[in-house]
1. Among the candidates Thr115, Thr108, which residue alone is over 29 Å from Phe318 (Cα atoms), surrounded by fewer than 15 Cβ atoms within 10 Å (Cβ to Cβ) and either among the hydroxyl-bearing types (Ser, Thr, Tyr) or in contact with a helix residue (DSSP H, G or I) (Cβ under 7 Å, 6 or more places away or on another chain) (or both)?
2. Restricting attention to segment 57-68, does a residue exist that is small (Gly, Ala, Ser), more than 23 Å from Met191 (Cβ to Cβ) and more than 16 Å from the ligand (Cβ to nearest atom)?
3. Exactly one of (1) away from the ligand (no atom under 16 Å from the Cβ); (2) under 30 Å from Arg7 (Cβ atoms) is unmet by Leu86. Its number?
4. From Asp170, Asp193, Asp184, which residue is acidic (Asp, Glu), within 23 Å of Asp281 (Cβ to Cβ) and surrounded by 20 or more Cβ atoms within 10 Å (Cβ to Cβ)?
5. Exactly one of (1) closer than 30 Å to Leu211 by Cα; (2) touching a helix residue (DSSP H, G or I) at 6+ places or on another chain (Cβ under 9 Å); (3) not in a loop (DSSP other than H, G, I, E, B) is unmet by Leu303. Its number?
6. Picking from Leu267, Leu249, which residue would you name as being surrounded by 19 or more Cβ atoms within 10 Å (Cβ to Cβ) and either under 17 Å from Leu4 (Cβ atoms) or small (Gly, Ala, Ser) (or both)?
7. Determine whether segment 18-31 contains at least one residue that is surrounded by 14 or more Cβ atoms within 10 Å (Cβ to Cβ), away from the ligand (no atom under 14 Å from the Cβ) and over 24 Å from Pro206 (Cβ atoms).
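No value in this document is a laboratory result; all are computed from the given coordinates. None of the values given here were measured: they were computed from a predicted structure. Cβ sites come from the backbone with ideal geometry, for glycine too, and all protein chains shown count toward neighbours.
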Amino acid sequence: MKKLDFRSDTVSLPTSEMRQSMLNAEVGDDTMRDDPTVIALEENCASLFGKEEAVFMASGTMANQVAVMLLTSRGEEIILGDTSHLYNLEVGGLAALSQVQAKCISATKRLYDPTDIDEAFRGKGIQFARTSLLCLENAKDLNRGFAVPVDNLQEVADIAHQHGARVYVDGARILNAACALNVDVKDLVSMADVCSLVFTKALGSPFGAVLMGSHELMQEARWLKQRLGGGFRQIGFMAAPALYALEHLVERIHIDHENAQILARGLNDLGLLDGALEDIDISIVIGNCSKLKQSALNFSEQLKKHDLLVKPISENNFRMITHIGLEKEDVFDALNRIESAM
Ligand SMILES: *Cc1c(COP(=O)(O)O)cnc(C)c1O
């Protein structure tokens, strides 16, 4: 039986073309800006996103942390979603590295609430922290993957800019959002001072992310990245599969979304879908096993016996993500295995 791994899109393995691209990559010492493959990747990203410059980072976490270090000073406050990766899954980096405090807004719906964000900015009195940054996420809410439309991003970014703050868009899965919304990814980041993209999620690459923005900001970002130990040498070997993915795999992201729809409908028929079918924008589907009278952890252990891996995310919920390593047939197969395990 084929092992089916739906825990995350990060579990996908590089394709043979990606491996070939690594083998053939032209490389050099990137700290000296001598790696032609990294330069090609950075130029390709900057042009795809309509930003002046891109900087190759080790991970989405590194891109996020460098972004906050870049756009804040010690003791300032930043506004971010309570469900965001930056707030929840980055080892306290905001406090440890940037020494800023977080003001969380509720981010469990598809849209950001402009009133919430406006009210999160503090007054200007001597006793208040300065609010210098609004961090958005698109796709939004790591366990949901809502595709946030341009209008909503523009509206809340305008509010932040009026308050004198800057705007960062964590775009780990922004190419999924662009695909789901059928818009040019440039339009999803035009209101952002700085934005990111991760190569190890939908793009199925083994390594890396990019941070993007103006030439001036990215010069500073390179310096901060170096401080964190991100001074790479012949890293073109790891930029090559990302470049390959950007050139060849962006156009297949819709397949993951179609597979997620099939998966969601199947789970819904089994009474195991959490939330509504309309809530599924990208490749992420949440299951709810409360009707089985067992915990998500327990149920995931049962599924493991059928060679099906899912990720328990709470007492009742488990997460499944479609990706480049899973075909449509695998989704039907997974649904059959879920039914037998029930
Ligand atoms: C995965 C993810 C990150 C972190 O990326 P890593 O490469 O795993 O460090 C950041 N933000 C969001 C929204 C993510 O989904």
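1. Residue meeting the stated conditions: Thr115.
2. No, segment 57-68 contains no residue that is small (Gly, Ala, Ser), more than 23 Å from Met191 (Cβ to Cβ) and more than 16 Å from the ligand (Cβ to nearest atom).
3. Condition (1) is where Leu86 drops out.
4. Asp170
5. If we test Leu303 against (1) closer than 30 Å to Leu211 by Cα; (2) touching a helix residue (DSSP H, G or I) at 6+ places or on another chain (Cβ under 9 Å); (3) not in a loop (DSSP other than H, G, I, E, B), just (1) comes out false.
6. Result: Leu267 is the single residue among Leu267, Leu249 that is surrounded by 19 or more Cβ atoms within 10 Å (Cβ to Cβ) and either under 17 Å from Leu4 (Cβ atoms) or small (Gly, Ala, Ser) (or both).
7. no
So that you can scan it fast, the table gives a plain yes or no per residue for (1) among the acidic types (Asp, Glu); (2) more than 18 Å from the chain's Cα centre (by Cα); (3) closer than 17 Å to Leu86 by Cβ:
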{"position": "Lys109", "(1), (2), (3)": "no, no, no"}
{"position": "Asp118", "(1), (2), (3)": "yes, yes, no"}
{"position": "Arg122", "(1), (2), (3)": "no, yes, no"}
{"position": "Glu155", "(1), (2), (3)": "yes, yes, no"}
